[in-house]
Structure formats: C-alpha cells, structure tokens
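Written below as structure tokens is the structure these notes are about.
The values are calculated or read from the model by the stated rules, or taken from the named source; none is laboratory data. As the structure is a computational prediction, the values presented were derived from the model and not from experiment. Reconstructed Cβ throughout: ideal geometry from the backbone, glycine too, with neighbour counts over all protein chains shown.
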Amino acid sequence: MSVAMKNTLLFVVVFGLIAATGFQQSWNVALGIVNMGLISAIMAMGVNMQWGYAGLFNIGVMGFVALGGLATVLVGMPHTPGAWAAVGPGMLLALFAGFAAIFVPILVYRRMRPGRRRAIAVFALLVLGFFVFRSLFDPAVKAIEAVDSARTGYLGGLGLPVLIAWPVGALIAAGAAWLIAKTALGLRSDYLAIATLGIAEIIIAVMKNEEWLSRGVKNVNGIPRPVPYELDLRADPGFVERVTNWGFDPVTASTIYVKLCYGALFVVVLLALIWLAEKALKSPWGRMMRAIRDNEVAAEAMGKDVTARHLQIFILGSAVCGLAGAMMTSLEGLLTPASYQPLRFTFLVWVMVIVGGSGNNFGAVLGGFLIWFLWVQVEPLGLWLMDWITAGMSDGYWLKDHLLESAAHMRLLTMGLILVLVLRFSPRGLIPER
C-alpha cells in the first residue's frame, strides 16, 4: 500500500467513526465532535510547529489558548457604560503607569554604566513605580468591580464583530509568546517545559483573579456569535417551513444548522493554516528550521541565527494556539478561566501531536480528530462495556459497584493505552514526517 493511500485510509477510518456516531447516536453529537475536532487540529498544528519544526518543548499551551479566549471578551462583548464613564480612563492610566514602571528601569539599566549607582537607581525606580501603579490601579479596580457586580463588574469589550477577535486572539498570544520567549528560550528541553508551564499557570491565575478584566471565576456569558442563534432560526417562518417540508424537526434542524455554520468557518481557517504551513515547511525557511531542530550546532556553524529562528517559531505556534482558543470560546459562547486545565489543553494536544505524527501537518490534523473523538466517546462506551460485563452480577455486589465506578476513568486509560501502542508500533506517529 502506498503512503498516500495509507494516509487517506486513516482519515477515512476516523471520519467513518464520526459518521457512525451520527447514525447510531445523533448528528448533533457527531457535528459537535467535528467542530471541536477542527479546533483541536488547529491547536495540534500550533504545537507541531514548535515541536515538529524546531524541537521546542512547550507545555504552556493552555496559557495561549486562554489568551485567545480572553480576546473574544475584549473584542466582542459590549462595554460596561458605568465602568467606562467612572474609571475607564483611570484604569488605562494605571496600566500605562505599570508599563512605565517596568520599562523605565530597563532603559536606565541599559543607559547607565555598571556599578552601585545603577543598582540604586534601578531599585529606586522599581519601588517608586510600584507604589505609583498601585495607587492608581487599586481604586480603579474597586470602582469597576462595584458597577452592577452581579451581571457585569468588569470593563467589558469593544462591541466589535466576534470574528475580529480570532486574529486578535492570535496577536495577543503572539505578543505574550514574544515576552515569554525573550526570557525562556535560553533554556532547553525540560527546563523550557517547566518555564512555559509555570508562565501558563500565571496567565490563568491572572485571568481568574482580575475580575475587572474578564469577571474572573464569575465567568463571562453571552459572548456574541458569528452564526445565527437557534431561537432566532426557530422564530423565522421561512426556516421553519423549509425544514418542515424536508421532514426535519425545527428544534433539531436549528441546532444542526448552527453547528454546520460553525463547521464551515472552522474548515476555512484550518484549510488556510494547512496551506500556509505546508508552503512554509517546504520553503528554504522550513528546511532551515528542520536543520536547526536536528543539529543546532551544525546549523549555527553554517551561519544560522538559531535564537532568532526559535523566537519566530515559538511566536507562530503560540499565535495558532491563541487563534484556536478564540474559536473555541466563540463556539462555547462563554469564557470560564477555571476550565483551562493542563489535562484538557496540554496533555491532550500533545497526545494528538505524538499520535498523529510530529513534524507532519496532516498528522497533527489526524491526531486532533482521532483523539478528540476518543475523548468524547470512550467514557459512554466504557460505561456500556461495564454494564455488559456486570449484567449477571447482583445489585450491591462490591465488584459490580467497583467496575461501574471505574468507567469514569476510561478516558485516561484509553489515552495512555493509545499512546503506548503508537509509540511501540509506530514511534513516529500514524502519519510520520517524510
């Protein structure tokens, strides 16, 4: 069997499983898997750019995904009039003072000669800047969070179309990646992984605690959609008449229609990313990145700026993750900082990349769909399997209760089992880099 036929067959099998879900369960479930599979594939492509192209071990994926989700709030949500009128300008002034408190000492540090005077000047500026920042920031935060705290209690957004938030999410994640890379890319391997994980946790902690920015753990609901609402479709006589004539229930048809609209948008984004990523990978830049990944010393000896190239690819991969985060928050319609957990956005994405095949964009896409399908379906299948195994046991029997309770852990067991099998029989993934 040729490589192209084998790869095509793998995609056919995965999409066949999703189609079987539609026939056996419901098309709403199948389309939900497809939409989250598309987003997962985009996340996996972002990680694959960093690891598969350049060998950068980033496990701070959830931080960049969360920043993408934050962008949908900052761009798509309407602003809170009372907060902006009362202390909006004061908050902007406080943030400007905070940036000045950081950059002015850096500028002084670079301009002054090394010695005691420089150390004293930088320390004094840092202390002064901190107190000035807090004197402006704390009153502004209290005033903003006091404005109708049950429903808002934050500044809100710009009220722009939510589709604009997708590239903005990529830009915010890219900016954060630039700041992180400037300090962390000097590290290698496991040290870089620890640093990125810690920074991602800091980002999540800030989002949870700074209620003036995104309501923190109170969550932001009602984020505008780029597609119609189900209730609006059901209230449209033309839509109801069409789907009724086709033999569909308007309630089910409206949810399917909305998911198809989301899927169409996500497919366009994914195809554009695949095209751009393949063009980049096959260009001289892509060959240079793989040369750096395989042997940094040899590439540097040939005159390549390894640090600059690592910075580029780290920013690009993080921007793709931020884009996926914005798309996911638009799909869910709410921002919940507490949901950005390492298990969901780091472990799963890395399993997608490893199983699909690192260094291969199509492998990342395959891994995204396959692993997300299994993540959704394994637990109910596990419960069915345990019901079948324990069918002959009496109710209350300790073994039956134990097996039924163990069904909730089928997801973790399956992910670990798949990872072990793939690493044993296909160490380079299902679609390895050629």
- Task: Can you give me the number of residues within segment 385-434 that are over 21 Å from residue 6 (Cβ atoms) and either over 33 Å from the mean Cα position of the chain (by Cα) or among the hydrophobic types (A, V, I, L, M, F, W, C) (or both)?
- Result: 28
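With respect to residue 329, determine if the residue is touching a strand residue (DSSP E or B) at 6+ places or on another chain (Cβ under 7 Å) and of a type in the set (Val, Ile, Thr).
Working: touching a strand residue (DSSP E or B) at 6+ places or on another chain (Cβ under 7 Å): yes; of a type in the set (Val, Ile, Thr): yes.
Judged against the criteria, residue 329 is a match.
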- segment 159-190: number of residues that are free of Cβ contacts under 8 Å to residues at least 24 places away in the same chain and either within 21 Å of residue 221 (Cβ to Cβ) or aromatic (Phe, Trp, Tyr) (or both): 0
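Okay, residues lined up against (1) over 27 Å from residue 26 (Cβ atoms); (2) surrounded by 14 or more Cβ atoms within 10 Å (Cβ to Cβ); (3) in contact with a Gly (Cβ under 6 Å, 6 or more places away or on another chain); (4) modelled with pLDDT under 85:
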{"position": "377", "(1), (2), (3), (4)": "no, yes, no, no"}
{"position": "396", "(1), (2), (3), (4)": "yes, no, no, yes"}
{"position": "418", "(1), (2), (3), (4)": "no, yes, no, no"}
{"position": "425", "(1), (2), (3), (4)": "yes, no, no, no"}
- Task: Pick out the one residue from 129, 156, 90, 115 that is at positive phi and in contact (Cβ under 8 Å) with a residue 12 or more places away in the chain.
- Result: 156
- Note on the structure: Among (1) over 18 Å from the mean Cα position of the chain (by Cα); (2) of a type outside the set (Lys, Arg); (3) surrounded by 12 or more Cβ atoms within 10 Å (Cβ to Cβ); (4) on the phi > 0 side of the Ramachandran plot, residue 333 falls short only on (1)
- Task: Give the residues of segment 54-77 that are over 18 Å from the mean Cα position of the chain (by Cα) and at pLDDT below 90, sorted by residue number.
- Result: 54, 55
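Only one residue in 124, 85, 97 is more than 30 Å from residue 227 (Cα to Cα), at pLDDT below 90 and not aromatic (Phe, Trp, Tyr). Which one? Outline the logic, then answer.
Numbers: 124 fails: at pLDDT below 90; 97 fails: at pLDDT below 90.
Being more than 30 Å from residue 227 (Cα to Cα), at pLDDT below 90 and not aromatic (Phe, Trp, Tyr) holds for just one of 124, 85, 97, which is 85.
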- Considering every residue within segment 67-74, establish whether at least one is more than 16 Å from residue 371 (Cβ to Cβ) and either among the hydroxyl-bearing types (Ser, Thr, Tyr) or in contact with a Lys or Arg (Cβ under 7 Å, 6 or more places away or on another chain) (or both). yes
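Could you say whether any residue in segment 236-245 is aliphatic (A, V, I, L, M), crowded, with 19+ Cβ neighbours inside 10 Å, within 30 Å of residue 137 (Cβ to Cβ) and out of contact with any strand residue (DSSP E or B) (no Cβ under 8 Å at 6 or more places or on another chain)?
So far as segment 236-245 goes, no, none of its residues is aliphatic (A, V, I, L, M), crowded, with 19+ Cβ neighbours inside 10 Å, within 30 Å of residue 137 (Cβ to Cβ) and out of contact with any strand residue (DSSP E or B) (no Cβ under 8 Å at 6 or more places or on another chain).
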- Here the residues within segment 201-212 that are crowded, with 19+ Cβ neighbours inside 10 Å and at pLDDT below 90 are 212
- Have a look at 77, 1, 91, 5 and point out the one that is within 25 Å of residue 163 (Cβ to Cβ) and of a type outside the set (Gly, Ala, Ser). 77
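Wholly within segment 261-364, which helices (runs of 4 or more DSSP H) include no fewer than the required count, namely at least 2 residues that are closer than 25 Å to residue 163 by Cα? Can you show your working first?
Numbers: elements: 284-294, 296-301, 306-332, 348-356.
Once the helices (runs of 4 or more DSSP H) in segment 261-364 are filtered for at least 2 residues that are closer than 25 Å to residue 163 by Cα, what remains is 306-332.
Could we say that residue 370 is of a type in the set (A, V, I, L, M, F, W, C) and touching a strand residue (DSSP E or B) at 6+ places or on another chain (Cβ under 9 Å) here? Break it down into steps so the answer makes sense when it comes.
On the way: of a type in the set (A, V, I, L, M, F, W, C): yes; touching a strand residue (DSSP E or B) at 6+ places or on another chain (Cβ under 9 Å): no.
In short, no.
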- Is it true that some residue in segment 250-259 is under 23 Å from the mean Cα position of the chain (by Cα) and part of a helix (DSSP H, G or I)? yes
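Quick grid of which residues meet (1) modelled with pLDDT of 85 or more; (2) under 16 Å from residue 213 (Cα atoms); (3) not in a helix (DSSP H, G or I):
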residue: 130; (1), (2), (3): yes, no, no
residue: 136; (1), (2), (3): yes, yes, no
residue: 139; (1), (2), (3): yes, yes, no
residue: 142; (1), (2), (3): yes, yes, no
residue: 147; (1), (2), (3): no, yes, yes
residue: 151; (1), (2), (3): no, yes, yes
residue: 159; (1), (2), (3): yes, yes, yes
residue: 174; (1), (2), (3): yes, no, no
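For segment 251-288, which positions are of a type in the set (D, E, K, R) and closer than 24 Å to residue 170 by Cβ?
Step one: of segment 251-288, the residues of a type in the set (D, E, K, R) are 259, 278-279, 282, 287.
Across segment 251-288, the qualifying residues are 259, 278, 279, 282.
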- The residue that is nearest to the chain's Cα centre (by Cα), considering only those in segment 97-120 that are surrounded by 15 or more Cβ atoms within 10 Å (Cβ to Cβ) and more than 20 Å from residue 182 (Cα to Cα), is 97
- Query: Which one of these does residue 231 not meet: (1) surrounded by 13 or more Cβ atoms within 10 Å (Cβ to Cβ); (2) in a helix (DSSP H, G or I)?
  - Reply: (1)
- Query: What residue, of 362, 369, is in contact (Cβ under 8 Å) with a residue 60 or more places away in the chain, among the hydrophobic types (A, V, I, L, M, F, W, C) and more than 26 Å from residue 200 (Cα to Cα)?
  - Reply: 362
- If you go through 222, 216, the only one that is modelled with pLDDT under 90, surrounded by fewer than 14 Cβ atoms within 10 Å (Cβ to Cβ) and not hydrophobic (A, V, I, L, M, F, W, C) is 222
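Scan segment 190-214 residue by residue and report those that are acidic (Asp, Glu) and assigned to a helix (DSSP H, G or I). Explain how you work it out, then say what you get.
Of segment 190-214, the ones acidic (Asp, Glu) are 190, 201, 210-211.
If the condition is that a residue be acidic (Asp, Glu) and assigned to a helix (DSSP H, G or I), then 190, 201, 211 are the ones that fit.
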